[in-house]
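To start, the structure under review is shown below, and the notes come after it.
The values are calculated or read from the model by the stated rules, or taken from the named source; none is laboratory data. Note that the structure is a prediction, hence the values are computed from the model and not measured. So basically every Cβ, Gly included, is an ideal-geometry build from the backbone, and we count neighbours across all protein chains shown. Accessible surface areas use protein heavy atoms only, side chains included; no ligands, DNA or RNA. Shrake-Rupley method; radii C 1.70, N 1.55, O 1.52, S 1.80 Å.
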Amino acid sequence: MIKYLIHPDYEYLRPFIESLPAVFEQEGEVIYTGRNLIKVMQAEGLAVNVKRYRKPSLFNRIVYSFFRAPKGLRAFHYPGRLLYLGFETPHPIAYIEERSGGLIGYSYFVSVQSGYTQNFYQFGHIPVEQCRQVITEFARYTARLHEAGIYHRDYSPGNILFDKVDGVYHFSLVDINRMSFGTVGLRKGCANFARLWGQTPLFTLLADEYAAARNFDRNLCRKLVLKYRARFWKRYRRRHPVYYQLDIE
């Protein structure tokens, strides 16, 4: 059994969407492969991003079938909340769910392909003076995000897209199935930067600008940002023996 949810604005793409489970393996341009598979495809002249989530383990198939919303379904619903609050994220088009014996198998999230060309991986080794403006604006953007009660739980380099438009940096969030909504205080807010790449001066600037935007104590903010960053990467190193050689000390 296959279930389709299609955003009303993209009902005209129904034939393309309903064909996806049959043609996904053969068509489209692969842009990411790993636990999940992401392709860019063309539909009625529109570039669309199609993410196929892998089949969960048996335990998680039961969980996502009966007790918790699947990742793709959350990814389909969450953009509306961000867009309503004025934060950019690719517009959702559809959610597709395959089931067998009542249990979820493959699922797909379809969205408009973002036109932004840059992400935060590029800041791994760049001196802070070369990226001061974008980091300053990003810190203020994150403060606005948190003040609005939005918390991206996978705030990692590949999930933050951006470009400079008319002299101003614009940011767009992707892979937003791991979100929470509610009050974001000092400690939780500072912890949100932990997954990002960069050298210590970059994070010091992030902390200072974030603190200023939210009227937090600057020194405490610095301390917390660096503490959560070091803790995250220490755990990451233990879990991944082949570690990306970044200067994070």
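A few comments on the model shown:
- Of the criteria (1) of a type in the set (A, V, I, L, M, F, W, C); (2) open to solvent by less than 30 Å² (accessible area, probe 1.4 Å); (3) assigned to a loop (DSSP other than H, G, I, E, B), which one L202 fails: (3)
- Test: residue in segment 23-37 that is at pLDDT 95 or above and aromatic (F, W, Y): yes
- No other residue among Y108, Y53 is in contact with a helix residue (DSSP H, G or I) (Cβ under 7 Å, 6 or more places away or on another chain), open to solvent by less than 60 Å² (accessible area, probe 1.4 Å) and free of Cβ contacts under 8 Å to residues at least 60 places away in the same chain apart from Y53.
- Of the residues making up segment 83-105, those that are surrounded by fewer than 20 Cβ atoms within 10 Å (Cβ to Cβ) and in contact with an Asp or Glu (Cβ under 8 Å, 6 or more places away or on another chain) are H91, G105.
- Checked against (1) open to solvent by less than 30 Å² (accessible area, probe 1.4 Å); (2) assigned to a helix (DSSP H, G or I); (3) modelled with pLDDT under 95, T142 passes all but a single condition, namely (3).
Every residue, every condition in (1) in contact with a strand residue (DSSP E or B) (Cβ under 6 Å, 6 or more places away or on another chain); (2) open to solvent by 30 Å² or more (accessible area, probe 1.4 Å), yes or no:
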position: Y4; (1), (2): yes, yes
position: L13; (1), (2): yes, no
position: I17; (1), (2): yes, no
position: V23; (1), (2): no, yes
position: Y32; (1), (2): yes, yes
position: N36; (1), (2): yes, no
position: L46; (1), (2): no, yes
